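Below is one structure, written out as structure tokens; the observations come after it.
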Amino acid sequence: MKKINLTNYKNINLELEKYNHNFKKNCKLIAVSKKQSINSILELHSLGHCDFGENYLQEGIEKIEKINSTEIIWHFIGPIQSNKSTQIATHFDWIHSVDRIKVYNKIKNHVEKINKSCNFLIQINISDEQSKNGMRYDQVDDLLLKIDKSSENMIFRGIMAIPSNTNDESKLCDEFSQMQETFQSLSKQFNTVDTLSMGMSNDYQLALKYGATMIRIGTKIFGARI
Ligand SMILES: *Cc1c(COP(=O)(O)O)cnc(C)c1O
């Protein structure tokens, strides 16, 4: 049976502890368990880890239902098809990838109906690759004008991004720094905004330099995906 990489897991936690202490932050590690086994999730959970991220709805629901834990906080971090919005809203506590008003409205209507609270992030498309996911910076204000700021069920917590798939550090720095600026400006406008979700296995240390408050790490903890 595949084992999680305990050394990496412990080291990442130590780095976060230092970072949180030095910069008075509360940065959280989201363990990205897509394409990883339920056993791996349970193994990490037995060490006290509670935040897990999934990308694919069907796979995510299956795991959530089988594991059936009230302690685990499930984060949906994958692209959202609007006809799947209500199911995502039913099963997940956080949604990192809201990127259009249609999806926002569907999630909101559903969480209000079932009286559940949902923390959501707007996904920003920062890379110039042809990825369709995420909003451009110049579309964010328009979405924010349309959302219901008084909703007690739908809580706007901040922004998320997946940077360009590149080793060019200066390009990554530009992207993270733009995210940081946007995050700072939004947190002045909205008192619920406290989350900047960026940084994965290969770039989380850089993301921390730009103020990330959630890092999403998969392969560095769980090994290669199946
Ligand atoms: C897969 C994925 C991750 C984790 O990537 P790793 O390189 O395995 O750490 C983080 N965020 C999102 C949105 C992902 O899809």
query = Looking at (1) more than 9 Å from the ligand (Cβ to nearest atom); (2) touching a residue at least 12 places away in the same chain (Cβ under 8 Å); (3) open to solvent by 60 Å² or more (accessible area, probe 1.4 Å), can you tell me which one residue 188 breaks?
reply = (2)
inquiry  = Which residue is farthest from residue 13 (Cα to Cα), if the candidates are limited to the stretch 37-90 and must be of a type in the set (S, T, N, Q) and in a loop (DSSP other than H, G, I, E, B)?
reply    = 81
inquiry  = Which numbered condition in (1) within 30 Å of residue 14 (Cβ to Cβ); (2) out of contact with any Asp or Glu (no Cβ under 9 Å at 6 or more places or on another chain); (3) within 13 Å of the ligand (Cβ to nearest atom); (4) free of Cβ contacts under 8 Å to residues at least 40 places away in the same chain is the only one that residue 99 fails?
reply    = (1)
task = Only residues in the stretch 203-226 that are basic (Lys, Arg) and within 12 Å of the ligand (Cβ to nearest atom) count as the first member; pair them with residues that are assigned to a loop (DSSP other than H, G, I, E, B) and open to solvent by 50 Å² or more (accessible area, probe 1.4 Å), Cβ under 9 angstrom, at least 6 apart or cross-chain, and list the lot.
result = 216/162; 216/200; 220/5; 220/200; 220/202; 225/35
task = Answer yes if at least one residue in the stretch 126-141 is more than 17 Å from residue 55 (Cβ to Cβ), modelled with pLDDT of 95 or more, crowded, with 22+ Cβ neighbours inside 10 Å and not aromatic (Phe, Trp, Tyr), and no otherwise.
result = no
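Okay, residues lined up against (1) touching a helix residue (DSSP H, G or I) at 6+ places or on another chain (Cβ under 6 Å); (2) under 30 Å from residue 43 (Cβ atoms); (3) of a type in the set (Gly, Ala, Ser); (4) not in a helix (DSSP H, G or I):
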{"position": "160", "(1), (2), (3), (4)": "no, yes, no, yes"}
{"position": "167", "(1), (2), (3), (4)": "no, no, no, yes"}
{"position": "170", "(1), (2), (3), (4)": "no, no, yes, no"}
{"position": "178", "(1), (2), (3), (4)": "no, no, no, no"}
{"position": "187", "(1), (2), (3), (4)": "no, no, yes, no"}
{"position": "193", "(1), (2), (3), (4)": "yes, no, no, yes"}
{"position": "196", "(1), (2), (3), (4)": "yes, yes, no, yes"}
{"position": "200", "(1), (2), (3), (4)": "no, yes, no, yes"}
{"position": "224", "(1), (2), (3), (4)": "no, yes, yes, yes"}
request  = Check whether at least one residue in the stretch 17-36 is under 17 Å from residue 88 (Cβ atoms) and away from the ligand (no atom under 14 Å from the Cβ), and report yes or no.
outcome  = no
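The values are calculated or read from the model by the stated rules, or taken from the named source; none is laboratory data. The shown structure was predicted, so the numbers you read here are calculated from the model rather than taken from an experiment. Neighbour counts run over all protein chains shown; Cβ positions are idealised from the backbone, glycine included. The accessibility values were calculated without ligands, DNA or RNA, using every heavy atom of the protein model including side chains. Shrake-Rupley method; radii C 1.70, N 1.55, O 1.52, S 1.80 Å.
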